Amino acid sequence: MTFLRPCVRCAYNHLLSSASKRNTRLYSSSPNGHNKPYYLTTPIFYPNSVPHIGHLYTLVTADIFARHAKLARPDQTVSFLTGTDEHGLKIQRAAGAQNLEPLEFCDRISDRFRVLADKANTSYTRFIRTSERDHHYAVQHVWRVLDSKGLIYKGSHKGWYSISDECFYTDNQVERRTSPGGVLSGFNKEIIVSKETGSLVEWTEEENYKFRLSRFRDFLLARYRSDPHAIYPPQQHANVLDMLSLPLEDLSVSRPRNRLHWGIPVPNDPAHTVYVWFDALINYLTGVGYPWDAEEQSAQSCWPPDIQIIGKDIVRFHAIYFPAMLQALDLSLPKKLLAHSHWTVNRRKMSKSIGNVVDPLQAIEELGADLVRYYLARVGGRFKDDIDWSSEQLENNAAELQSLLGNFYLRITSAAIRRRLPKGPHSHLRQSLQQSLNSEDLREVANPLQNLASVVDNHLKHLRVSEALEAIIQQLKAANTMMNVTEPWAKSTPESITGNVYALSLETLRICGILLQPFIPAKAGMLLDAMKIPQSTRTLRHAQYLHGTMDNITPGVKLFLRARQRM
């Protein structure tokens with residue numbers, strides 16, 4: 001499977017701006033006309049500040065699923081959307097604080113998110129910015145469609161507004177707390193915050209437009225009750241059902257332009273600006289060329305997303321607001337929503353004021369993208385609970401991978417082992433692998449290796465990233481133990497055993513190398529290159545026992561460099 005610009009078949013009906021063209025990566029490939037392209041999205045990141053490790057976590061998680069889709073279905077196009085959400089009061093104020101126009105401010109910060117996605121070796125196919133002209137067109141089209149159906153009306157709105165979250169909250173969604181030591185509003189002073197995010201809110205009254213969200217509660221309840229796997233992990237699914245246990249209030253979808261001028265104007269009412277979350281959610285449609293003409297609404301369309309990856313703090317927007325909007329537009333809903341947990345430092349939420357924000361680019365610079373990716377997936381791939389960032393754990397996990405994979409390859413291809421192989425070892429590899437299945441000493445490695453690809457595939461189908469990676473690591477551990485026990489380099493070890501261990505070790509590396517491509521794409525590629533595995537045989541179908549060749553491998557390839565060598 002090759003990556004392609006999201007749905008060339010879903011090509012835009014209008015010319016993209018030059019910025020849009022720069023944000024789309026083109027790949028020479030043609031999708032299978034009989035298959036819907038695999039479409040996945042991250043949230044678009046809010047560039048009011050520089051990226052942190054949580055942004056990298058989201059990008060890497062999405063990239064693992066994108067690359068696995070490529071591995072499992074080589075003939076299907078993958079469309080992977082990410083980008084930046086560039087409108088709203090926070091951006092307007094942050095730009096003003098630096099005496100910059102909002103677009104100039106966004107240009108600077110948005111580029112840092114694109115650099116992060118590139119440095120992390122993610123395979124995104126579209127980097128969208130909500131300041132692009134084609135997105136403005138899509139947002140105003142959605143507004144007009146909903147307005148024509150009587151689902152948008154003008155009224156007065158009273159509620160609790162969070163500038164940090166760019167969101168209105170109802171009385172049931174906020175709570176009173178005592179400010180900690182005066183950091184927010186003075187010592188022991190009572191404050192009002194969002195229950196979901198903990199962000200400070202203030203009472204706001206204004207005239208704006210509203211979307212009739214209340215009409216869609218029964219539809220949403222039926223949707224989630226009928227599909228318990230629509231939202232993962234399960235506690236987030238239960239959380240959404242709990243949100244829907246109360247009546248939904250209609251959603252504010254605009255702000256007065258005299259308060260918020262940095263945004264998309266409401267069609268036919270220049271006194272109002274489209275509410276930033278309503279605007280932002282539509283990016284998932286813009287990213288695949290919405291609005292489509294009648295012909296493009298067929299199976300040629302990328303829509304709906306196969307999976308959307310978000311942080312748990314924005315579940316309400318993606319599980320309630322966005323599906324209601326899609327239902328109102330007569331569009332299919334995303335198939336799965338993965339709401340992951342957050343990364344903390346010393347069990348505290350990352351915050352610039354506390355000074356505990358982890359710089360993802362620095363981590364990549366120090367250890368390399370793949371070792372950071374490995375740590376994020378290995379430690380953070382269960383998604384259920386918040387995870388504490390630890391530089392020590394990062395180093396330990398990096399050392400584990402270097403030993404189990406890099407050192408293992410160096411050891412099994414060492415001259416000490418190769419000179420003890422039977423003559424013409426390559427002609428005996430297949431025979432040795434067959435013998436390993438019946439060997440009492442080797443079957444503990446050979447037997448699970450036969451099922452490893454299906455185990456990993458099943459875990460990833462069910463969004464269990466850590467478990468998928470753990471299965472590969474356990475296989476590598478077993479193979480390393482086999483080598484230590486059998487000592488194939490020793491003169492006392494029969495050459496036949498040396499030959500069988502050599503063959504089984506290489507087969508383990510070949511299969512694990514294929515399966516590791518979604519997690520550590522650069523290092524897995526280096527390994528497969530060293531083993532002379534053709535690009536055409538690096539798919540899930542080929543990650544089967546006795547389904548590959550390993551002739552003329554290159555011994556002594558160092559997959560990982562020491563820190564000093566990287567600098």
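Taking a temperature of 37 °C and a viscosity of 0.692 mPa s, what whole-number D in µm²/s does Stokes-Einstein yield for the stretch 466-567 with Rh from Kirkwood over alpha carbon pairs?
222
Report, largest value first, the span of the C-alpha coordinates of the stretch 399-498 along each principal axis, in whole Å.
So the three principal-axis extents are 46, 31, 22 Å.
Amide H to amide H, which residues 5 or more places from His272 or on other chains are under 5 Å from it, using H placed in the peptide plane?
The list, which skips near neighbours in sequence, is Arg257, Val266.
Restricting to lysine pairs 8 or more places apart or on different chains, what number in the stretch 122-275 have Cα atoms under 30 Å apart? Before the final figure, lay out the partial values.
Working: Lys149/Lys158; Lys149/Lys210; Lys154/Lys195; Lys154/Lys210; Lys158/Lys189; Lys158/Lys195; Lys158/Lys210; Lys195/Lys210.
Step by step, the pairs that qualify in the stretch 122-275 add up to 8.
Might you tell me the accessible area per residue for the chain, computed with a 1.4 Å probe and given in Å²?
43
Can you spot the lysines whose alpha carbon is less than 27 Å from Lys477's alpha carbon? Ignore those fewer than 8 places along the same chain.
Cross-link targets: Lys70, Lys384, Lys461, Lys491, Lys523, Lys532, Lys558.
Does anyone have the angle between helix 102-119 and the longest principal axis of the chain? Alpha-carbon axes, 0 to 90°, nearest 10?
Once rounded, one gets 20 degrees.
Return one number: the angle in degrees, 0 to 90 and rounded to the nearest 10, between the long axis of the Cα atoms of helix 133-148 and the longest principal axis of the Cα atoms of the chain.
Around 60 degrees separate the two axes.
Around Glu249, what is the net charge, scoring Lys/Arg as +1 and Asp/Glu as -1 over all other residues with Cβ under 13 Å from its Cβ?
+4
As a test of the formula, what do you get for the chain when each DSSP H run with n ≥ 4 contributes -39,500 (n - 2.57) and the sum is divided by the residue count, at 222 nm and rounded to the nearest 500 deg cm²/dmol?
Numbers: 21 runs with 233 residues, N = 567.
Only helices count here, giving -12500 deg cm²/dmol.
Considering only protein heavy atoms and a 1.4 Å probe, what is the carbon-and-sulfur percentage of the accessible area of the chain? List each step's numbers first, then the result.
Details: 11620 of 24160 Å².
Here carbon and sulfur together make up 48 percent of the probe-accessible area.
What residues qualify as long-range amide H neighbours of Glu207, i.e. H under 5 Å apart, gap of 5 or more or another chain, H built at 1.01 Å from N?
Placed amide hydrogens put His157 under 5 Å from Glu207.
Which cross-chain or sequence-distant (5 or more) residues have an amide H under 5 Å from the amide H of Ser199, H modelled 1.01 Å from N in plane?
Counting only residues 5 or more places away or on other chains, the set is Ser194.
So what does Cys302 come to for accessible area, using a 1.4 Å probe and Å² rounded to 10?
Estimated to the nearest 10 Å², Cys302 gives 0 Å².
What is the angle, in °, between the Cα long axis of helix 495-515 and the longest principal axis of the Cα atoms in the chain? Nearest 10 is fine, range 0 to 90.
10
Give me the orientation-averaged projected area of the Cα convex hull of the stretch 115-210, in nm², one decimal. Show your work: numbers first, answer last.
Working: hull surface 40.5 nm².
Average projection, Cα convex hull of the stretch 115-210: 10.1 nm².
Would you mind telling me the antiparallel percentage of the DSSP bridges in the chain, rounded to 5?
60
At 0.692 mPa s and 37 °C, plugging the Kirkwood radius over alpha-carbon pairs of the stretch 320-397 into Stokes-Einstein gives what diffusion coefficient in µm²/s?
219
Would you work out the relative contact order for the chain, in percent, from Cα pairs under 8 angstrom that are 6 or more residues apart? Before the final figure, lay out the partial values.
Details: 961 pairs, mean separation 86.2, N = 567.
Taking the mean separation of contacting Cα pairs over the length of the chain, I get 15 percent.
In the stretch 402-506, what GluC sites (Glu not before Pro) fall in a loop by DSSP, with at most 10 other Cβ atoms inside 10 Å?
Glu440
How many angstrom lie between the Cα centre of the stretch 505-567 and the Cα centre of the stretch 237-289?
46
Report the longest stretch of the chain that contains none of the chymotrypsin sites (Phe, Trp or Tyr not before Pro) sitting in a DSSP loop with at most 15 other Cβ atoms within 10 Å.
188-567
Treating the beta-carbon of each Lys and Arg as +1 and of each Asp and Glu as -1, no other charges, what is the dipole magnitude of the stretch 193-347 about its Cα centre, to the nearest 20 debye?
My answer is approximately 500 debye.
With r as the distance between the Cβ atoms of Arg382 and Arg225 and R0 = 25 Å, compute the FRET efficiency 1/(1 + (r/R0)^6) and round to 0.05.
0.50
Sequence neighbours fewer than 8 away in the same chain don't count; with that in mind, list the aspartates and glutamates whose C-alpha is under 13 Å from Lys336.
Answer for Lys336, where 13 Å is the Cα cut-off: Asp227, Asp306, listed by chain and number.
Which is farthest toward the positive dipole end of the chain among Val115, Val445, Gln235, measuring Cα position about the Cα centre, with Cβ charges +1 (Lys, Arg) and -1 (Asp, Glu)?
The residue sitting farthest along the positive end of the dipole is Val445.
What does the convex hull of the alpha-carbon atoms of the chain project to on average, in nm²?
Values: hull surface 113.1 nm².
Average of the hull's projected areas for the chain equals 28.3 nm².
The values are calculated or read from the model by the stated rules, or taken from the named source; none is laboratory data. If you're wondering where the values come from, they're calculated on a predicted model, not measured in any experiment. As a convention, Cβ positions derive from the backbone with ideal geometry for all residues, glycine included, and neighbour counts pool all protein chains shown. Heavy atoms of the whole protein, side chains included, go into the accessibility calculation; ligands, DNA and RNA do not. Shrake-Rupley method; radii C 1.70, N 1.55, O 1.52, S 1.80 Å.
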